[in-house]
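Engineer: Quick one: structure below, then a few questions.
The values are calculated or read from the model by the stated rules, or taken from the named source; none is laboratory data. Source: prediction; values computed, not measured. Quick reminder, even Gly has a Cβ in these numbers, built from the backbone with ideal geometry, and neighbours come from all protein chains shown.
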Amino acid sequence: MSAKYGYYPGCSLERNAIAYHQSAVAVAPVLDIEFVELDDWNCCGATEYIAIDVLPAYALVARNLAIASRQKLSGGNQNQVVAPCSACFLNLSKVDKYMSDAPRLAANVNTALAAGGLSYKPGSVRVRHLLDIVVNDVGYDAIAAKVQKPLYGLRIAPYYGCLIVRPGFQGAFDDPEYPMSLDRLMGTLGTTVVDFPVKAHCCGGHMTQISEQVALELIRQLLQNAAEYEADAIVTLCPMCQLNLDGYQEAVNRHYGTKYHIPILYFTQLMGLAFGLPAATLGFGKEFVDAAAALNKIGVQPPPKPKKERAGKEALPMPEMAAGGLSHES
Amino acid sequence: MSPERIGVYVCHCGSNIAATVDVEEVALWASEELGDRGVVVARDYQFMCSSLGQELIEADIKEQGLTRVVVAACSPHLHERTFRTACKRAGLNPFLCELVSIREQVSWVHTDRAAATEKAMAVVSGGVERVTLHQPLEPLHVPIHPATLIVGGGIAGIQAALEIADSGYPVYLVEREPSIGGHMAQFDKTFPTLDCSACILTPKMVDVGGHPNVTLLTWSEVERVDGYVGSFTVTVRKKARYVDESVCTGCGICTEKCPVRVLDNTYEAGLGYRKAVYRPFAQAVPKYPVIDRENCTYFQRGKCKACQLFCPTHPKAIDFEQKDEILQFQVGNIILATGYDLFDCRRIPQYGYARLANVFTSLEFERLCNAAGPTGGKIVLRDGVTEPATVGIIHCVGSRDHNYNPYCSNICCMQSLKFGHLVKERTGAEVFNFYIDIRTAFKDYDEFYQRVLEDGVHFVRGRVAEVTDAARLPGEEGKLIIQVEDTLLGKQRRIPVDMVVLSAALQPRQDSTEVAYTFGIACSANGWFIEKHPKLDPVATMTEGIFIAGACQGPKDIPASVAQGAAAAARVLGRIHQKELALEPVRASIIAERCSGCRICNNLCPFNAISYDTARMITEINPALCQGCGTCVAACPSGAITGTQFSNEQVLAQLYGLLLLNVSSGPVQQPQPALVPA
């Protein structure tokens, strides 16, 4: 029997991030998981609404939680909802947490929900990010067993963005400063993973609308670093990050006189490729920065192990990462 | 009507109690209302613990023929002994005196005077009921064996061993590593005087090694401790060295000839190599090497024996057939000086340790600076040749951080200042210290800070966000960039450096909880051993006869560790001189006919006082080990364990007394006989 999860796609996955949605839905059966979309879900308010008017913002998010709890989505004793978008994931888990901590807020939100015949008991829905489900519920070993066409030769910069690892409460599943789960997942698919130092830095979010100068600089830093590491693609797990790095790459090039050409892909797209699913079902071709050249690099043979630079005779030993940690290629 | 003649003494404690409790009223109430409970005299006095206060009690005992005494004052932790001793002087068995707390549990925690006064009356009443059931008790006397076990051969253990051995008493010093010396042997210079660590340590190591009163057991671990204060039986595993100490001359030819090079994660902190047969360092005590079985070609593949072949002694000192030895001996007291472990900097990946080559831990840096270290004391990058032009030193790595350890590691500020000075002295590089606060308490420490400031070391106040090799600005290429909020400047800064040193936290030994269990002492939530009193008894533990010294009790520098080692030794010597020790007779005991042998209590005792008699199929309690905590008394499902001074009857009587005040406002019954186990 496949594992069932409630599915909250969020607005982005219907439009700009439809590739994320398509590829997530495509890989789910391979991983033996089933998504049950929430009935009549609404926008999570993204990053802005909470800054403008708190109570309606919380009620807006809580409405989705209320629907999820009513639907008894995943069966069993845990009602779990998957959000593929980092902003949705953060907003949903944040509202659940704040309602648990502040009974007055919970009461006010429930008064608002009552107008629509809904109510939400804090803690009754567990909100999780798609990456969390994939690496922790399915697991690396099960994923490795499904890999049919390893993505040999593809150099990947794993990019987490700033939202996914930051809720310091229920929902946190990786190190907030230097996460490794996506690194390990990409390694499992056969790609060459670079130790991307800016992996948890901000993509600029909606700064593109507010102060483009700031956003372009943040985006440039990410692109520059990925280029220095000779990454063929940046892999992301957030529609916002994907949009900024992909949609604004040309703007960055124009503004700074650079020539970056780094496709920005969703981790689910690469999973689909590695599982041998047809590229057409994985939303390829929707990206602004064309990924075709990068994908053509995928070889059938694992790349030769990079020759360790022979350390000089005087060189001091380098400490090793703890067992279980991924050793990066560079 | 009680057959006892009870005196009640209510203390003002200056204004500590009297400001919140109407003490005169309490005394008056006791003499009037508790007369039928046996109270024949009740007094209040400004300072009951003063000589005059004590004399008041003594006079009443003699003149009024008191048979019981209740003192209502501070916590028994403070003055129970004072008042018991006063009673004893007046001829009353000291255990017929009960001290009830109306300060810690009444005046200090209440503000409503009327309510506090009423509660004080209830507390006094409880004491009166309880003391009526007290029995005269005699202290237990146990002889003290003159030998002492010291666990851990770092500077604290060495100091304690020398103090005791020099006084003429035997010491067993057990060390897990092949040599004594501990962390201090790894350091180059010591703050604040910058004297050479080895130069001040090795004479003490030599003294211990050759001392006629010290039995040095290195490459050994304590497996078991049985018995109790005065006569512990210690079982030690002396691991096979594969070197016959009676023949070996310590010439070192075996090490020279050994073909296997092993990364040394202990003494060299992973920065250098040793052989499979090795001495950790040149001045090791004892001088005998050990064979590291896991890495020895002969033990792994059955061939080699180069060390034995070239060993120049007759007969050969290398003995591949040697087995672990189990030793047993008696000691009267035990000092634990097991030290600390360094925080694993890999746990903070954003600081880059083990990812970025030129990020070093503080211990690695000590080895870099050490003239006997892998670089001969040259401060160089991981390539072994390049001298850094800029060095960043990050304080509080893994300490003062709620993600890792909340506490301050005490030594890191001074250690980082020392590093800064050494870098300046030896390379002339620019040095940046990144700190939260500079803590240079203690003698001559702040003067050292001033000196380092004058050296031109830069100080940036702020917790470092990350160390990265992702260059962003001109001048950052090929450097390690330290991203930090300079909280004095109110600005984010990016400071490119060549080398980063992480001043890592001191942590309890990874097996500290098991060690604490072996010795029957307690660990804090962090894992440090807990002292008996944080201020007034810092080297004793709640277990009689077990003392602690040095960093195993909490992060500590060398002067403090030495002081604690000497202090623990002084405590032990005091015990040895007394020849026997009087123990409080507050003990749990088993009523054999009630014990069903269920063994529920067996693993609960924090002092390992409970054992199971398989022949009689009942549990037994060793009175010398028992500290009277009462855990087993509460746990026993058949009421078979009773605590002297803490019997069910006594506790129920105290409860009855506490509730007596309310008799008028509601029916409070005398405890039913059925509730009280006979």
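Engineer: With respect to residue A:81, determine if the residue is within 18 Å of residue A:24 (Cβ to Cβ), outside the structural domain of residue A:29 (by TED's automatic domain parsing) and touching a helix residue (DSSP H, G or I) at 6+ places or on another chain (Cβ under 8 Å).
Structural biologist: It is false that residue A:81 is within 18 Å of residue A:24 (Cβ to Cβ), outside the structural domain of residue A:29 (by TED's automatic domain parsing) and touching a helix residue (DSSP H, G or I) at 6+ places or on another chain (Cβ under 8 Å).
Engineer: Let me ask something additional. When you go through B:538, B:534, B:496 one by one, which is the residue that is of a type outside the set (Val, Ile, Thr), closer than 30 Å to residue B:385 by Cβ and not assigned by TED's automatic domain parsing to the domain that holds residue B:335?
Structural biologist: After ruling out the rest, the residue left standing is B:496.
Engineer: Here is a further query. If residue B:378 satisfies all but one of (1) more than 10 Å from chain A (Cβ to nearest Cβ); (2) surrounded by fewer than 17 Cβ atoms within 10 Å (Cβ to Cβ); (3) in contact with a helix residue (DSSP H, G or I) (Cβ under 9 Å, 6 or more places away or on another chain), what's the number of the condition it fails?
Structural biologist: The number of the failed condition is (1).
Engineer: Let me ask something additional. Any chance you could count how many residues in segment B:78-95 are of a type in the set (A, V, I, L, M) and out of contact with any Pro (no Cβ under 9 Å at 6 or more places or on another chain)?
Structural biologist: Looking only at that region, the number is 2.
Engineer: Residue B:397: touching a His at 6+ places or on another chain (Cβ under 8 Å) and surrounded by 21 or more Cβ atoms within 10 Å (Cβ to Cβ), yes or no?
Structural biologist: no
Engineer: While we're on this one: How do the pairs read when you match residues in segment B:449-467 that are touching a residue at least 60 places away in the same chain (Cβ under 8 Å) and in the same structural domain as residue B:503 (by TED's automatic domain parsing) with residues anywhere that are of a type in the set (A, V, I, L, M, F, W, C) and surrounded by 19 or more Cβ atoms within 10 Å (Cβ to Cβ), using Cβ under 6 Å and keeping only pairs 6 or more apart or on different chains?
Structural biologist: Short answer, once both residue conditions are applied: B:464/B:394; B:464/B:434; B:464/B:482; B:464/B:484; B:467/B:480; B:467/B:482; B:467/B:500.
Engineer: Identify the residue in segment B:335-365 that is among the hydroxyl-bearing types (Ser, Thr, Tyr) and closer than 30 Å to residue B:520 by Cα and, among all such residues, is nearest to the chain's Cα centre (by Cα).
Structural biologist: Restricting to residues being among the hydroxyl-bearing types (Ser, Thr, Tyr) and closer than 30 Å to residue B:520 by Cα, the top hit is B:338.
Let's see how each residue does on (1) more than 12 Å from chain B (Cβ to nearest Cβ); (2) assigned to a loop (DSSP other than H, G, I, E, B); (3) modelled with pLDDT under 90:
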{"residue": "A:244", "(1), (2), (3)": "yes, no, no"}
{"residue": "A:272", "(1), (2), (3)": "yes, no, no"}
{"residue": "A:314", "(1), (2), (3)": "no, yes, yes"}
{"residue": "A:317", "(1), (2), (3)": "no, yes, no"}
{"residue": "A:320", "(1), (2), (3)": "no, yes, yes"}
{"residue": "A:326", "(1), (2), (3)": "no, yes, yes"}
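Engineer: In addition: I need the strands (runs of 3 or more DSSP E) fully contained in segment B:485-560, keeping only those with at least 3 residues that are within 23 Å of residue B:407 (Cα to Cα).
Structural biologist: Because the criterion is at least 3 residues that are within 23 Å of residue B:407 (Cα to Cα), the strands (runs of 3 or more DSSP E) in segment B:485-560 that meet it are B:499-504, B:506-508.
Engineer: Something else now. Applying the selection to segment A:198-213, what residues are more than 25 Å from residue A:180 (Cα to Cα), in contact with a Ser or Thr (Cβ under 9 Å, 6 or more places away or on another chain) and either exposed (fewer than 14 other Cβ atoms within 10 Å of the Cβ) or of a type in the set (A, V, I, L, M) (or both)?
Structural biologist: Matches in segment A:198-213: none.
Engineer: It is to be established whether one or more residues within segment A:214-230 are in a helix (DSSP H, G or I), away from chain B (no Cβ under 14 Å) and touching a Ser or Thr at 6+ places or on another chain (Cβ under 9 Å).
Structural biologist: yes
Engineer: Quick one: in segment B:267-316, which of the residues that are among the hydroxyl-bearing types (Ser, Thr, Tyr) and within 14 Å of chain A (Cβ to nearest Cβ) is surrounded by the most Cβ atoms within 10 Å (Cβ to Cβ)?
Structural biologist: B:267
Engineer: Here's a follow-up. What number of residues in segment B:343-369 are in a helix (DSSP H, G or I) and hydroxyl-bearing (Ser, Thr, Tyr)?
Structural biologist: 2
Quick grid of which residues meet (1) assigned by TED's automatic domain parsing to the domain that holds residue B:335; (2) in contact (Cβ under 8 Å) with a residue 60 or more places away in the chain; (3) assigned to a helix (DSSP H, G or I); (4) under 31 Å from the mean Cα position of the chain (by Cα):
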| residue | (1), (2), (3), (4) |
| --- | --- |
| B:61 | no, no, yes, no |
| B:69 | no, yes, no, no |
| B:77 | no, no, yes, yes |
| B:84 | no, no, yes, yes |
| B:92 | no, no, no, no |
| B:100 | no, no, no, yes |
| B:105 | no, no, yes, yes |
| B:130 | no, yes, yes, no |
| B:156 | yes, yes, yes, yes |
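Engineer: OK, next. Which of the residues belonging to segment A:15-46 are among the charged types (D, E, K, R) and more than 18 Å from the chain's Cα centre (by Cα)?
Structural biologist: Within segment A:15-46, A:32, A:34, A:37, A:39, A:40 qualify.
Engineer: Separate question: Across segment B:439-479, what is the number of residues that are within 24 Å of residue B:414 (Cβ to Cβ), within 14 Å of chain A (Cβ to nearest Cβ) and assigned to a strand (DSSP E or B)?
Structural biologist: Count: 2.
Engineer: Further, regarding this structure: Among the residues of segment B:553-582, how many are within 18 Å of residue B:533 (Cβ to Cβ) and of a type in the set (A, V, I, L, M)?
Structural biologist: Matching residues across segment B:553-582 total 6.
Engineer: In contact with a helix residue (DSSP H, G or I) (Cβ under 7 Å, 6 or more places away or on another chain) and over 26 Å from residue B:317 (Cβ atoms): does that describe residue B:253?
Structural biologist: no
Engineer: Specify the residue that is nearest to the other protein chains (Cβ to nearest Cβ); the eligible residues are those in segment B:330-355 that are in contact with a strand residue (DSSP E or B) (Cβ under 6 Å, 6 or more places away or on another chain) and closer than 24 Å to residue B:420 by Cβ.
Structural biologist: By that ranking, first place goes to B:350.
Engineer: Scan segment A:256-270 and give yes if some residue there is within 14 Å of chain B (Cβ to nearest Cβ) and surrounded by 11 or more Cβ atoms within 10 Å (Cβ to Cβ), otherwise no.
Structural biologist: yes
Engineer: Going by the structure shown, is residue A:254 among the charged types (D, E, K, R) and modelled with pLDDT of 90 or more?
Structural biologist: Spelling it out, residue A:254 is indeed among the charged types (D, E, K, R) and modelled with pLDDT of 90 or more.
Engineer: Could you please find all residues in segment A:139-178 being among the β-branched types (Val, Ile, Thr), buried (at least 19 other Cβ atoms within 10 Å of the Cβ) and farther than 15 Å from residue A:198 by Cβ?
Structural biologist: Listed by number, the list holds a single entry, A:143.
Engineer: Which one of the conditions (1) in contact with a helix residue (DSSP H, G or I) (Cβ under 9 Å, 6 or more places away or on another chain); (2) part of a loop (DSSP other than H, G, I, E, B) does residue B:564 fail to meet, given that it meets all the rest?
Structural biologist: So residue B:564 meets the others, but not (2).
Engineer: I need a count of the residues in segment B:28-43 that are within 19 Å of residue B:74 (Cα to Cα) and surrounded by 22 or more Cβ atoms within 10 Å (Cβ to Cβ).
Structural biologist: Residues flagged as within 19 Å of residue B:74 (Cα to Cα) and surrounded by 22 or more Cβ atoms within 10 Å (Cβ to Cβ) within segment B:28-43 amount to 2.
Engineer: Hey, does segment A:259-266 have a residue that's assigned by TED's automatic domain parsing to the domain that holds residue A:183 and part of a helix (DSSP H, G or I)?
Structural biologist: no
Engineer: Okay, next question. Given A:208, A:192, which one is of a type in the set (S, T, N, Q), away from chain B (no Cβ under 14 Å) and within 18 Å of residue A:242 (Cβ to Cβ)?
Structural biologist: Of the residues listed, the single one that is of a type in the set (S, T, N, Q), away from chain B (no Cβ under 14 Å) and within 18 Å of residue A:242 (Cβ to Cβ) is A:208.
Engineer: Which one of B:264, B:207, B:244 is among the charged types (D, E, K, R), in the same structural domain as residue B:176 (by TED's automatic domain parsing), surrounded by fewer than 20 Cβ atoms within 10 Å (Cβ to Cβ) and under 28 Å from residue B:188 (Cβ atoms)?
Structural biologist: Going through B:264, B:207, B:244 in turn, just one is among the charged types (D, E, K, R), in the same structural domain as residue B:176 (by TED's automatic domain parsing), surrounded by fewer than 20 Cβ atoms within 10 Å (Cβ to Cβ) and under 28 Å from residue B:188 (Cβ atoms): B:207.
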